[in-house]
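The structure appears right after this line, and notes come after that.
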Ligand code: PEP
């Protein structure tokens, strides 16, 4: 019912030549994959390089961030309309690295999500607790607040353009994956939060990806959980063979 999504976040890696190599290797490895939406999120500068390469493939293009204004005196920013112009269909918003290093608050995340949806992008909205928050038994409160503030003001129709990425901060880039049970527990909580905020239908429709050290070795167990609808993959998306193995998790 919910089509799985496997998305690769390239973070601050891959100049144009490396991006061309990675995408050229990836395309043949996933070209026969059906029933999975495949997304890659390179750095801004290589979006126009990658776009024509994937034009006739089953891979979609995302950016890793955007600003909330469409244009103006905002030096250094990139607007959702500009991402559409560069061929993006998706944008990652609220990644924990942006929250941690670039002062991205729930309010800024909310503004970015609204602007991105208005421009026609689908949002990969990242949420997740830190280790301290988990150890203090605060995980659910943190997730609830991030959800309520991040999607504040969104209609049910607008929510259809949102995909959630649950990424426990302690599992990102650390090699520590949440266990299948820990991930499922959080995903079920998140789905329940959408049932409370919207309705049963909205909660059943929204796709919730897991992120945090997903690899070919652990993807199957995670994807077998009833509320896990895909993965946001960092490190393992930087090599064609490991990302393709994750995309092809059913094989
Ligand atoms: C990420 O960048 O969103 C991520 C989950 O990274 P990694 O897979 O490397 O933990």
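The values are calculated or read from the model by the stated rules, or taken from the named source; none is laboratory data. Here the structure is a predicted model, which is why all the values come from computation and not from measurement. Glycine also receives a Cβ, built like all others from the backbone with ideal geometry; neighbour counts cover every protein chain displayed.
For first residues located in the range 117-129 and closer than 19 Å to residue 167 by Cβ, partners that are assigned to a loop (DSSP other than H, G, I, E, B) and away from the ligand (no atom under 12 Å from the Cβ) and lie 6+ apart or on another chain with Cβ distances below 6 Å form the pairs 122/161.
Here's the yes/no breakdown for (1) under 20 Å from residue 183 (Cβ atoms); (2) over 14 Å from the mean Cα position of the chain (by Cα):
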| residue | (1), (2) |
| --- | --- |
| 96 | yes, no |
| 101 | no, yes |
| 107 | no, yes |
| 126 | yes, no |
| 140 | yes, yes |
| 151 | no, yes |
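Reported count of residues in the range 154-181, each being more than 20 Å from residue 110 (Cβ to Cβ) and buried (at least 16 other Cβ atoms within 10 Å of the Cβ), is 7. When the helices (runs of 4 or more DSSP H) confined to the range 83-147 are screened for residues that are away from the ligand (no atom under 16 Å from the Cβ) and either crowded, with 17+ Cβ neighbours inside 10 Å or modelled with pLDDT of 95 or more (or both), those reaching at least 1 such residues are found at 106-119, 131-135.
Among the residues of this structure, residue 225 counts as one that is within 27 Å of residue 134 (Cα to Cα), touching a helix residue (DSSP H, G or I) at 6+ places or on another chain (Cβ under 6 Å) and more than 13 Å from the ligand (Cβ to nearest atom).
Is it the case, given these coordinates, that residue 232 is buried (at least 21 other Cβ atoms within 10 Å of the Cβ), within 13 Å of the ligand (Cβ to nearest atom) and closer than 28 Å to residue 110 by Cβ? For residue 232, the condition - buried (at least 21 other Cβ atoms within 10 Å of the Cβ), within 13 Å of the ligand (Cβ to nearest atom) and closer than 28 Å to residue 110 by Cβ - is met. A Cβ distance below 7 Å, combined with a sequence gap of six or more or placement on separate chains, defines the contacts here; from the range 156-181, residues that are on the phi > 0 side of the Ramachandran plot reach residues that are outside any loop (DSSP other than H, G, I, E, B) in the pairs 173/235.
Number of residues in the range 184-204 that are over 21 Å from the mean Cα position of the chain (by Cα) and farther than 18 Å from residue 145 by Cβ: the value is 3.
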